[in-house]
Amino acid sequence: MRRIIIGGAALAAVAVLAAAAYGAAGSSRSVTLTLWHNYGTGGNAVATKNLVAAFQKQNPDIKINVVSQPGGNYFQLLQAAWIAHTAPDLSVQWTGLFDTKYEKQLLNLKQYFTPAELAKINGAKWSSSNFNPAQGLLVMPLENQFYMGFYNKALFKKAGVTSVPTNWTQLFAACTKLKNAGITPIVYGADPQAIGPSPYPYYDLSYIASGLFSPAQLKGLYTGSTPWTAPALVKAVSNWASMPKKGCTNSDVLTKTNILGAFMKGQAAMIVDGNWDTATLREAMGAKVAPFLPPFTDHPQHGVVQYSGDGFAVSKQSSHQKEAVQFLRFLMSPTAQHIIAAAGLIPDIRGYSATNPLANQMLAFAKSGKIAYPMIDNVIQGDVVTTGMKQLDAALGGNISAEAALKSMKQTHDALPAEQRGPVYH
Amino acid sequence: MSALEWVERQRGDVWRRRTGRALTYLVLFAVTAIMLYPFWLMGQMSFRSLPQYYLGKGFSLTTWHDLFAALPIGREMLNSTLITLCSIAVILAVSTTGGYALGTLRYRLSSLVFLIVVCSMMVPMQSMIIPEYINLARLGFINHYYGAIAVYSALGAPFATFLMTTYFRRLPEDVIEAALIDGLGYGSVFFRIMLPLAVPAIATVAVLQFIQIWDDLLVGLLFLQTPAHRTITVGLETIPAQHFQNFPMEMAGSLVSALPAVVVFLVFQRYLIRGLTMGMSK
Amino acid sequence: MTVQEAAAELPNARRRARRSPLAAQRQRMGILFTLPVAALIGSLLLIPIGQTFYYSFTNWDGFTSQWIGFAAYRHLFNTPEFVTVLENNAVMVLAIPIAVALPLGVAFLLNTHIRGWRFFRSVFFLPTAVSWVVIAFVARRFFDPDKQGVLRSLLDHTGLGFWHPDLLGHEHSALLAVMITFVWSVFGTNMIIFLAGMSTIDQEIYDAAKVDGAGSFTVLVRITFPLLKRFVSFAFIISLITAFSALFSLIIVMTNGGPGYGSTTLEFFIYEKAFTESNFGVGATAGVVLFVLVFAVSMPLLRLLRSDD
């Protein structure tokens, strides 16, 4: 009899303990997500860290492990991780064709975001399937970016350049004045930003394209209905490649190192770059530096390359998709946008502004009626981008003609399999 | 020959020797400058802050402070050390035995085996690393030290075995024959005689493989995807981003990463000397 | 067999009897000692190499593959860049003799044990410890045609300033810059290999030569070099393999394969196809071509190695 009572009590005790344990576990049922980024040590990395901290504070039962992965080889690493099923829940992706490339691995966010919410995102279409938000967002952009020209107001004044050039003719006229004053008009060289050497020709090509096509017409370059060897394009790129010969640039366009330093020290009057150096430029040059739209056009430049180039996506292999999407939604909140602006980035949700006056000047272009263009290297096929990088540089360096460079790009384009040139963006 | 002529000849000899030596030193010092330039550059750049780097002058410790704040340098150096030392241990074990078999014993099939060993070096790593990765991922080797060690050992073994075989072939047969007559088996010959004689080659392999494994990026990146296991070389790659290359920090990091290899070499060169001065004294 | 013949046979028989067990033991030990390296290379190297051969006939993208047979090779050779790439590799071969001869010469100098030789040996080896990224960065500074470029200032100071080489800016000279950097960077490795090889040479031979009155140059040519033949072959093969399959990190930071395809070697091409464009099938095909190339060039050298002194 006593044994039965003791046994029963023991069982009851175990039951109570188990219930308590289950209850405790239930309330601390926390989810851990992994997030990979390739942001290095700059502003984006700081923003990511702060965003994750703020998100975890708002959602105590979701923890995010932030892993900084090497920038070079980042996408190769992601692919390898997807192959081996060790991929992270959240990962940084570049937008445009860089994310449609991995569409099979990324979670389509159509069911999670309403069209009204998507309308608040600048350039949502470039991070969506087939560049159509209705077909589902793939990447939640982190920031707004620009390809932009910067000029030194003081040097312009010194050389007698009274207005910022807005087309080829005015540009070459300004170059002559600057050259006569002993100043390098535009400085080109080994891109301080990119991991490799040599200039990155797509800042310039984006602005060349904006003078010839509307944003929708850029699709023609993708499908091939507008060949890379179109006469108007050849003429414009020839003009661009002739700049060194006309004395519009330094002579060692392909190999000069530390061009940002040259611009900051006042050796050159103009530089074509992006928004990522605005803090450095502002700090070094104060009010002397201002943004301008590279005038690689016959008619006055009407486009501004304003584009959200990177953001976060959820992997289809993630076992915590709902929680991962919660983080993406958090990115659109006011808290998140203020964190992004505080880190020196340009917010991508409509209605928010940046903290750097230079950045706000760049945002003003679109507000004053300039048309927003995507970064062209995000909307043409990767193989063509690779070919163009080599050949366009070679043209700028005077090794080959602009026409030969564009012909190579066309050859690469024509050699692509049909589904990579088809009506649907892949 | 008169006494005068003899003195003249001696003076001529001395003069010739002196110019020879002067020229030698000139060449050696010129090469020294060329070799040390990168270190000087790394040092100079790492002691500038980022704005100072752009402007081309200045001195600051900010970069060094930022480097240690941004990366877990100590942990990553430890990982690198552990992985590299274990891989070298495996490589040495495998290449000394292999070199002995292929270089000294030279049994019937050894030429074929030697050919296969050498050929396995000729396929570029980029082509076959993905199949390797997939195979090892299926076996669960990813994100473990032993996965990286296995791959590094396999990648370094052919070169090491090749060098050992070349080296062992140059060692004289009579020492071995004497030992065999004394009644030692081939196994004992290896441990008691050949290994001690092979110390210079072992030191060479150790130093060269150390640097190759320490500086490797692709294998470390693919097989050790988490920061806890990360090596310093992969860790340094997390400094630059797409649009922002922190040159001073990269230089500082590279300097830190280069130090162990330098230390290893300075330590091991004593063993290289031993072989050179000892010659083949029996 | 007659008794006389049998009697004559006896020493041979005894020799045979004494030789066979030893020979058998030699054979057994040989196989035993080969097992470790065979197991390691067999499982972790030969299998993926075999898979690479298989994938070279497909259009594998890492996830799915489709067999296309020899068309893969035909398609590769029809790619216009591929011919340029092969040409670049052919030119790279010219750098190998220099990459071997220079360290050999310096190793000889150091072997004479002049004062301070240990210091020089350490210093010459130091660049081997520097990562390729830093070497590439330094090289770009060196070849910068601007006033800040090291080569330019050297030429200016020695009065050759009129010649403005812009090696990295032109398609046909960028490869030369890469080759120069390559020779510089393998200097230490080859030097160490030769020094290790020289350690196998009996000091008594040198002493005997000196007694005979041989000058240092004669010693070099008549004694050291023939004895080092194996190591020269070895350095040649290793330098070739390095030039063809280990320069990727150098090229990507120094020139990114450009201008155009001027400094794109086959190895760089493989990386671009396989990793940047996820075209692993083409990467495998090109990898097989690279293997065949290296093998073809190394074969005569390997045979030299196997000839007994």
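Values in this text are rule-based calculations from the coordinates and carry no lab data. Keep in mind it's a predicted model, so treat the numbers as computed, not measured. Cβ: placed from backbone, ideal geometry, glycine included. Neighbour counts: every protein chain shown.
Per-structure values
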read-out: Structure-based [θ]222 nm, chain C - -39500 (n - 2.57) summed over DSSP H runs of at least 4, per residue, nearest 500; value: -22000 deg cm²/dmol
read-out: For residues of C:233-240, the mean tally of beta carbons on other chains within 10 Å; value: 3
read-out: Cα-based Kirkwood hydrodynamic radius, chain B, one decimal, Å; value: 22.7 Å
read-out: Number of partner chain Cβ atoms within 10 Å, mean per residue of C:117-124; value: 5
read-out: Degrees, to the nearest 10: A:2-27 long Cα axis against longest axis of chain A; value: 20 degrees
read-out: For A:Tyr102, B:Tyr152, order by how many other beta-carbon atoms lie within 10 Å, fewest first; value: A:Tyr102, B:Tyr152
read-out: Any cysteine of the protein assembly as shown lacking a neighbouring Cys Cβ under 4.7 Å - listed by number; value: B:Cys86, B:Cys119
read-out: For the range A:132-223: span of alpha carbons on each principal axis (Å, largest first); value: 54, 30, 23
read-out: Cα shape, chain C, gyration tensor, a/c 1.5 rule; value: oblate
read-out: Fewest-first ranking of B:Ser2, B:Ser95, using other Cβ atoms within 10 Å as the exposure measure; value: B:Ser2, B:Ser95
read-out: Over the range B:112-160, equivalent-ellipsoid semi-axes from the Cα gyration tensor in Å; value: 22, 12, 9
read-out: Sum of -39500 (n - 2.57) over DSSP H runs of 4+, divided by residues of chain A (222 nm, nearest 500); value: -12500 deg cm²/dmol
read-out: Cβ-based charge dipole, the protein assembly as shown, positive-most Cα from A:Pro215, C:Ser131, A:Phe146; value: C:Ser131
read-out: Signed unit charges on C-beta, dipole axis of the protein assembly as shown, positive-most listed residue B:Val199, B:Ala258, C:Ile68; value: B:Val199
read-out: Along principal axes, Cα extents of the range C:228-284, largest first, whole Å; value: 44, 26, 15
read-out: Computed over the range B:49-154, Kirkwood Rh from alpha-carbon pairs, angstrom; value: 17.9 Å
read-out: Cα-based reach from A:Lys367 at 17 Å (exclusive), listing lysines while leaving out same-chain residues under 8 positions away; value: A:Lys120
read-out: Degrees between helix A:231-241 axis and first principal axis of chain A (Cα, 0 to 90, nearest 10); value: 80 degrees
read-out: Cα-centred dipole magnitude for the protein assembly as shown, charges only on beta-carbon of K, R (+1) and D, E (-1), debye, nearest 20; value: 1160 debye
read-out: Length-normalised contact order for the range B:66-278 - Cα pairs under 8 Å, 6+ apart - percent; value: 33 percent
read-out: Peptide C:149-158 - average C-beta neighbours from other chains (10 Å radius); value: 1
read-out: Fewest-first sequence of C:Leu195, A:Leu328 by Cβ atoms within 10 Å of each Cβ; value: A:Leu328, C:Leu195
read-out: Chain B: DSSP helices with Cα axial extent of at least 15 Å and average Kyte-Doolittle hydropathy no lower than -1.0; value: B:3-46, B:73-99, B:125-138, B:145-170, B:199-214, B:247-278
read-out: Environment charge of B:Phe223, counting only residues whose C-beta is closer than 11 Å and scoring Lys/Arg +1, Asp/Glu -1; value: -1
read-out: Folded to 0 to 90 degrees: helix A:402-414 orientation relative to chain A principal axis, Cα; value: 30 degrees
read-out: Charge sum, other residues only, whose C-beta stays under 13 Å from A:Ile340's C-beta, Lys/Arg counted +1 and Asp/Glu -1; value: -2
read-out: Chain C: relative contact order in percent, alpha carbon pairs under 8 Å with at least 6 residues between; value: 27 percent
read-out: Environment charge of A:Glu143, counting only residues whose C-beta is closer than 11 Å and scoring Lys/Arg +1, Asp/Glu -1; value: -2
read-out: Translational diffusion coefficient (Stokes-Einstein; Kirkwood radius from C-alpha pairs) of the protein assembly as shown at 4 °C, 1.567 mPa s, in µm²/s; value: 41 µm²/s
read-out: Principal axis dimensions, largest first and in whole angstrom, of chain A by Cα; value: 111, 50, 38
read-out: Computed Rg/Rh of the range B:3-46, alpha carbon atoms with Kirkwood Rh; value: 1.46
read-out: Positive dipole terminus of chain A, leading residue within A:His320, A:Ala284, A:Leu396 (C-beta point charges); value: A:Ala284
